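The values are calculated or read from the model by the stated rules, or taken from the named source; none is laboratory data. Since the model is a prediction, treat every value here as computed from it, not as a measurement. All Cβ positions, even for glycine, are placed from backbone atoms using ideal geometry, and neighbour counts span all protein chains on display. What goes into the accessible areas is simple: the full protein's heavy atoms, side chains included, and nothing from ligands, DNA or RNA. Shrake-Rupley method; radii C 1.70, N 1.55, O 1.52, S 1.80 Å.
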Amino acid sequence: MATRPQQYRFHQGEKVLPFAASEYDARLGGLRAIMDAQGVEAVVLTSMHNIAYYSGFLYCAFGRPYALVVTATEDVTISAGIDAAQPWRRSHGDNVTYTDWQRDNYWRAILSVTGSGKVVGYEGDHLTLLQSEKLKSFLSPSKLVDIAPTTMKQRMHKSAAEIALITHGANVADVGGYAIREAVKAGVREIDVAMAGRDAMELEIAKRFPDAEYRDTWVWFQSGINTDGAHNPVTGRQLQVGDILSLNTFPMISGYYTALERTMFVREVDDASLNIWEANVAAHELGMSLLKPGVSCAEVTAKVNDFFAERDLLQYRTFGYGHSFGVLSHYYGREAGLELREDIDTVLEPGMVISMEPMLTIPEGQPGAGGYREHDILVITEEGNEDITKYPYGPEFNTVG
């Protein structure tokens, strides 16, 4: 039997990336500055979000490990043979394919780029205990440095090109919102409404980005008791007159997540529900007014908390009031340093992108029962913010069907 390789290069077709090469060069330049500051000679990135951010390649793991290795002179994605040349076409730099004829060829491929005995940066919030031990065994690092926190800080500051893509995403989310609004009628199922929104968004993404890969766009559309959790899956429940609804559209464009969330009611809304809804809308407007340079996430959170506490509603809040946007998804990624929570002291700066999304959940059996949420995406500017979400919120537009 002929000797089969541990790794090889399989490059065919033309490279097609979400951003220009100069964008990735700038990101890698930022990463190399981080490496220099921490004395790191080689970085082994393993998460979907960091690999996509620095290379453009968004992998599909299916139980296999992937990597991006960055040194002072190289940036190389490491991918499995099952993907053939697709990772190379979607990577800014080089690509090495590892084979599964022999266990741990993945780490041998990484070693071929890093060399042995180096100061190695890794993602402490992603690398498993098993793979961490293999990293030590195969790379014999002289020192390990957790580089995840500093890469997260870099991702929190968006380039002009990123903000342009995120703005497209917000526009697409609005398209999905309007499609959902048209589909809402008493008697239809949650899944029917969700499919209308998802299909509209996928068609819009394909129109705006004809060379992209299309994956992971989704809708959470909830009704009645199903609105109590923000991430409750779609069901076959039929909508009824007077139901509270949650409209949630999530277009995914080349790994970039955006969202639109709105409270809705089918045809009519009772007085108790209207009072809760209007209070949540008022908190939403207050929160958006607070998002400006120089203000910390904790300060914004405290002021919205005070607003709800004055109305005896704070006990119905279920999560933080907003979060960052960029390369993230319900499957991967989150810039935890830029969330509107009491324990986050990050100060807002121009170029950051953040949501305002207050949510109240009133338990079943109480007047106004259900989950209320509004969600806009805001770009922090030199003077304040720009709201890139355009779909209207509030009872006047969103009592439908």
Roughly what % of Cα-Cα distances in region 316-372 sit above 19 Å, to the whole percent? 42
Take the Cβ-Cβ distance between residue 381 and residue 6 as r, set R0 to 60 Å, and report the resulting FRET efficiency rounded to the nearest 0.05. 0.75
Ratio of the Cα radius of gyration of region 140-180 to 2.2 N^0.38 Å, where N counts its residues: 1.97
State, to one decimal in nm², a quarter of the convex hull surface area for the C-alpha atoms of region 218-280, i.e. the direction-averaged projected area. 4.8
Point-to-point label distance, residue 271-residue 182, nm (Cα→Cβ direction, 7 Å offset): 3.7
Once you treat every alpha carbon in region 116-224 as an equal point and sum by Debye, what is log10 I(q)/I(0) at q = 0.13, 0.18, 0.23 Å⁻¹? -0.74, -0.90, -1.13
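So what's the chain giving for Rg/Rh, alpha carbon basis, Kirkwood Rh from the mean inverse pair distance?
1.02
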Suppose each label sits 7 Å from its Cα in the direction of the beta carbon; what would the residue 208-residue 282 distance come out to in nanometres? 3.4
If I take R0 = 56 Å and measure r between the Cβ atoms of residue 315 and residue 119 in this structure, what FRET efficiency does the formula 1/(1 + (r/R0)^6) give, to the nearest 0.05? 0.70
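Given the Cα-Cα distance of residue 153 and residue 216 and 0.36 nm per residue of separation, how much length would full extension add, in nm?
20.2 nm
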Whole-Hz Karplus couplings 3J(HN,Hα) for region 149-165, θ = phi - 60° and coefficients 6.51, -1.76, 1.60, Gly and Pro as x, run x, 6, 5, 4, 4, 5, 5, 5, 9, 8, 7, 4, 5, 5, 4, 5, 5
Please list, ordered by chain and number, the residues whose modelled amide H lies under 5 Å from the amide H of residue 368; skip anything fewer than 5 residues away on the same chain. 273
Accessible area expressed per residue, region 70-176, with surrounding protein chains retained (probe 1.4 Å, Å²): 41
Here P(r) for region 241-374, Cα-Cα distances in 10 Å bins, as whole percents, is 12, 40, 33, 14, 1
Within the chain, helix-based [θ] at 222 nm, where runs of 4 or more DSSP H residues each add -39,500 (n - 2.57), nearest 500: -11000 deg cm²/dmol
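Write down the Kirkwood hydrodynamic radius of region 84-151, to one decimal in angstroms, obtained as one divided by the mean of 1/r over all alpha carbon pairs.
After inverting the mean inverse Cα-Cα distance, the result is 13.3 Å.
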How long is the gain from residue 20 to residue 36 if the chain were fully straight, where each residue apart is worth 0.36 nm and the alpha carbon distance is subtracted? 3.3 nm
Which residues does the label zone of residue 241 cover in region 269-294, counting backbone N under 19 Å from a point 7 Å along Cα→Cβ? 269-274
Unit Cα scatterers, Debye sum, region 39-94: log10 I(q)/I(0) for q = 0.20 Å⁻¹: -0.64
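Averaged per residue, what accessible surface does region 265-305 expose to a 1.4 Å probe, in Å²?
That works out to 40 Å² for each residue.
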Residues whose modelled amide H sits under 5 Å from the amide H of residue 399, counting only those 5 or more places away in sequence or on another chain, are 265
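I'd like to check one number: the per residue accessible area of region 334-395, probe 1.4 Å, reported in Å² as a whole number.
Roughly 37 Å² per residue, with all protein chains present.
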Sequence-distant or interchain residues sharing an amide H contact under 5 Å with residue 221, placed H: which? 234
When the gyration tensor of region 292-345 is built from Cα positions, what are the square roots of 5 times its three eigenvalues, in whole Å, from largest to smallest? 23, 15, 7
Hey, any idea what % of the chain's accessible area is carbon plus sulfur with a 1.4 Å probe? 52
